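> Shown below is the structure under consideration.
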Amino acid sequence: MSHDEDFFEPSSWDERYSSEQKMWSGNANPQLVAEVGRLEPGTALDLGCGEGGDVIWLARQGWTPTGADFSAKGLERAAAHAAEAGVAERCDWWQVDARTFEAGGRTFDLVTTHFLHPPEGSITDVVSRLAPAVAPGGHLLVVGHAPSATFHHHDEKRLRAMWHSADLVPVLEELGGFEVLVAEERPRTVTRDGREMEIEDATLLARRTA
């Protein structure tokens, strides 16, 4: 398997999460804070939770979150971070691959995923899998990297995995029972490897109405 293909597989992320160093800042993703901070806390599912930064933030806001990821090592690290943060008793963990995710009748007041980029634009399939997990009256928040010149150094397969918020709207329209509240690209400045760069967060927020 090539290095490009490894990026999309659990084994690659298990290897990344086996290092001593934290991969991510541990801070909640900004669009989660912006949109969920105004919602009434309930149950939440964070798919692709990684090291658990968003799960911990949700727990601290009064949510009862489940962190889901396809990497067992990532989930181990997330659970350890939740324990360090003193919110372990509020959090649950679920090892599952977004590409084959099935809600199995479970529903949540909030279903969210941040910077999940399955190959070949299959984020639309992931959204169709996530939608049934949203409880009536609940919210779906999907945030990712919009394609831009900033990512010119990425290989072609990873570039094709990026998406625009408008790409996801037809999925919910076809499923029915959702009101799209936000579908836009939100620019922000980040610092990577000591230099500032502009990126756009493709942001979709929808409420389940039926």
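The values are calculated or read from the model by the stated rules, or taken from the named source; none is laboratory data. Computed from a prediction, not measured in an experiment: that's the story for all the values here. All Cβ positions, even for glycine, are placed from backbone atoms using ideal geometry, and neighbour counts span all protein chains on display. Note: areas computed on protein heavy atoms with side chains; ligands, DNA, RNA excluded. Shrake-Rupley method; radii C 1.70, N 1.55, O 1.52, S 1.80 Å.
> How many residues, within region 185-200, are part of a strand (DSSP E or B), free of Cβ contacts under 8 Å to residues at least 40 places away in the same chain and either surrounded by fewer than 14 Cβ atoms within 10 Å (Cβ to Cβ) or in contact with a helix residue (DSSP H, G or I) (Cβ under 6 Å, 6 or more places away or on another chain) (or both)? Show your work before the answer.
Here is the first cut: in region 185-200, the residues part of a strand (DSSP E or B) are 185-192, 195-200.
Pick out the ones that are also free of Cβ contacts under 8 Å to residues at least 40 places away in the same chain and you get 185, 187, 189-192, 195-196.
Imposing the further condition that a residue be either surrounded by fewer than 14 Cβ atoms within 10 Å (Cβ to Cβ) or in contact with a helix residue (DSSP H, G or I) (Cβ under 6 Å, 6 or more places away or on another chain) (or both) reduces the set to 187, 189-192, 195-196.
The total comes to 7.
> On to the next question. Would it be correct to say that R106 is part of a loop (DSSP other than H, G, I, E, B) and more than 14 Å from the chain's Cα centre (by Cα)?
Working: part of a loop (DSSP other than H, G, I, E, B): yes; more than 14 Å from the chain's Cα centre (by Cα): yes.
Yes.
> In region 59-79, what residues are open to solvent by 30 Å² or more (accessible area, probe 1.4 Å) and at pLDDT 95 or above? Lay out the reasoning, then the answer.
So the first thing to find is which residues in region 59-79 are open to solvent by 30 Å² or more (accessible area, probe 1.4 Å), and the list is 60-62, 64, 70, 72-73, 76-77, 79.
Hits for region 59-79 are R60, Q61, G62, T64, A79.
> Of all the residues that make up region 121-134, how many are farther than 9 Å from V111 by Cβ and either in a helix (DSSP H, G or I) or modelled with pLDDT of 95 or more (or both)?
Result for region 121-134: 9.
> Continuing with this model, one more query. For region 80-108, what are the residues that are in contact with a strand residue (DSSP E or B) (Cβ under 9 Å, 6 or more places away or on another chain) and open to solvent by 60 Å² or more (accessible area, probe 1.4 Å)?
Hits for region 80-108 are R90, D92, W93, Q95, R106, T107.
> Something else about it: Would you confirm whether any residue within region 152-165 is outside any loop (DSSP other than H, G, I, E, B) and at pLDDT 95 or above? Write out each step before concluding.
We begin by selecting, within region 152-165, every residue outside any loop (DSSP other than H, G, I, E, B); these are 156-160, 165.
Checking the rest, the ones that are also at pLDDT 95 or above come to 165.
The answer is yes; a qualifying residue exists.
> Please find, among T112, T203, T124, the residue that is open to solvent by less than 10 Å² (accessible area, probe 1.4 Å) and under 22 Å from F70 (Cβ atoms). Quick ask: steps written out before the conclusion?
Numbers: T203 fails: under 22 Å from F70 (Cβ atoms); T124 fails: open to solvent by less than 10 Å² (accessible area, probe 1.4 Å).
It is T112.
> Just to be sure I understand the filter: pairs with C-beta atoms under 8 Å, separated by 6 or more residues or on different chains, first member in region 87-110 and free of Cβ contacts under 8 Å to residues at least 12 places away in the same chain, second member of a type in the set (A, V, I, L, M). Which pairs pass?
Hits for this filter: A88/A79; A88/A82.
> Going through region 81-103 one residue at a time, which ones are more than 13 Å from C49 (Cβ to Cβ) and part of a helix (DSSP H, G or I)?
Listed by number, the residues that qualify are A83, E84, A88, E89, R90, R99, T100.
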